[in-house]
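Down below is the structure, laid out as structure tokens.
The values are calculated or read from the model by the stated rules, or taken from the named source; none is laboratory data. All figures in this text were calculated on a predicted structure; none of them were measured in a lab. So basically every Cβ, Gly included, is an ideal-geometry build from the backbone, and we count neighbours across all protein chains shown. The area values use the complete protein model at the heavy-atom level, side chains included, leaving out ligands, DNA and RNA. Shrake-Rupley method; radii C 1.70, N 1.55, O 1.52, S 1.80 Å.
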Amino acid sequence: MVSFFRRKKPETPTSERRYSTEELAAAFPSTSTPAPAADAPAAPARVDAGHVADAPVREADAGQRPAAGLDESAAQALLEASQPHPPMSAPLPPEVVAPIVDARAATAPAGLPIEAAEAVARAAEPVAPTPQPTAPPRPAPPPIPDFSKLEFRTPEQIAADTAATKAVWRERLGGSVFARSLGGLFSRNPRLDDDLLDEIETALITADVGVSATTDLVDSLRRRMKGREFADSRELLLALRSDLIGMLRPVAVPLQIDPATRPFVLLTVGVNGVGKTTTIGKLARRFKDENRTLMLAAGDTFRAAAVAQLQAWGDRNGVPVIAQGQNADAASVAYDALQAAKARGTEVLITDTAGRLHTQQGLMAELGKIKRVIQKLDADAPHEVLLVIDGTTGQNALSQLRQFNAAVGVTGLVVTKLDGTAKGGVVFALAREFGIPIRFAGIGERPEDLRVFDAEAFVDALLPEALGA
Ligand SMILES: Nc1nc2c(ncn2[C@@H]2O[C@H](COP(=O)(O)OP(=O)(O)OP(=O)(O)O)[C@@H](O)[C@H]2O)c(=O)[nH]1
């Protein structure tokens, strides 16, 4: 107990001082009348609740009590106990507090008279048990990631892959109307003036970026040019590049296959000949390469060759194809396929549909029927409705998206045929008007030519290489 008090003494030299019998007598003049000791320190004005340092509040009382019959050492101990403890800036941790609470419960030291023992006990009283912090409920452990499907790459590998990807995009898109008109413009090292802006405007309109998007882009460049933001035409081109990337970045959202959804149902829709069946074949290859189990549904029962085309893709990639032959009910094929995929625990089911003009109301309504029928088996299906758009279509793509979206709720886009002479600019118009994610871009006919849409690679492929981006 004494050692406890010593431990709590102020660490100043005065705390080491021993008191003489006379001083003690002066400090405790009467046995019956409590009187404050002349030099007794005032209790600290404020002490934190539950804080060990609140002891002095009652220690001061103890120190004022008469100490008749105390022998010198007991009185010394008592007086020391009555010295105020320095306030502590932070509560002691529970491990430290615990023994102090035990000490309070202990009886006074042997040999102390009862009054002194009471005073000592009272001095120890204020050390209230510190509430033990209750442990917060443990959060549920995070799910263990499936490392078999993760790919680890070093920064150097990532940089090399990015450069290789950009080179492929540039090689495939370099012949587009967009790339040719802008490339020609800047190879002449034009002057930074209104004529340059007029030429950019023409190039963007010709490339199918659309009138409103083009006007916004050019007006912004003009404002900044007048504000002397650009030192030369190259700086203006860099600003155009960054504006174009900025338009596409929000829609460059890759398709995520939810592993908890089996099967994850993809429904592909679009007008005739845009590349739906080819895209499904390319997707099948991609998902196989990702070690996913998948199944194809030959829902294009209208075009004679479509079922055979899909079956050929399935055979080539070792993927089962559910088909009922030509002129079968497409909704029935989709239903059968979903049932089979469910039974087999297949991860991904891709359903083809016949091409249809977005202006043909009856055929558009049929898409709604396919959706309703498969929802009898899975209320959340299809989990992705991919509208395939031919990149050479131009502004007509906007009305296609509008109509398909109204009929079946489009959740992602695939823009095909961006290789060759595609104008490519429609991608900006689509992004600006609808903001629907562009999942993939078709940049060739080979299976590996379906690329995850990359805003930066796409824009850099359209702009002159001399820009160094
Ligand atoms: N250059 C190029 N050709 C493509 C691309 N995607 C598809 N094609 C070609 O476009 C043509 C039509 O493709 P399909 O897959 O049959 O089109 P579809 O939409 O299924 O046609 P329908 O069933 O009639 O609606 C084929 O010759 C494909 O090889 C692409 O990204 N680039």
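Summary table
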item: Protection-proxy order for peptides 256-267, 436-447, each taking the mean of Cβ atoms within 10 Å per residue, highest first; result: 436-447, 256-267
item: Mean accessible surface per residue for region 373-469, computed with a 1.4 Å probe while every protein chain stays in place, in Å²; result: 33
item: Positive-end residue of 196, 175, 210, charge dipole of region 155-251 with Cβ unit charges; result: 175
item: Under 15 Å, Cβ to Cβ, from residue 331 - net charge with Lys/Arg +1 and Asp/Glu -1; result: -1
item: Accessible-area composition of region 155-251, carbon plus sulfur, in percent [1.4 Å probe]; result: 52
item: About the Cα centre, charge dipole magnitude for region 155-251 (Lys/Arg +1, Asp/Glu -1 at Cβ), debye; result: 160
item: In Å², nearest 10: area of residue 332 left accessible to a 1.4 Å probe; result: 40
item: Residues with amide H under 5 Å from that of residue 321, placed H, sequence gap 5 or more; result: 296
item: Kirkwood hydrodynamic radius of region 264-453, Cα pairs, Å; result: 16.3
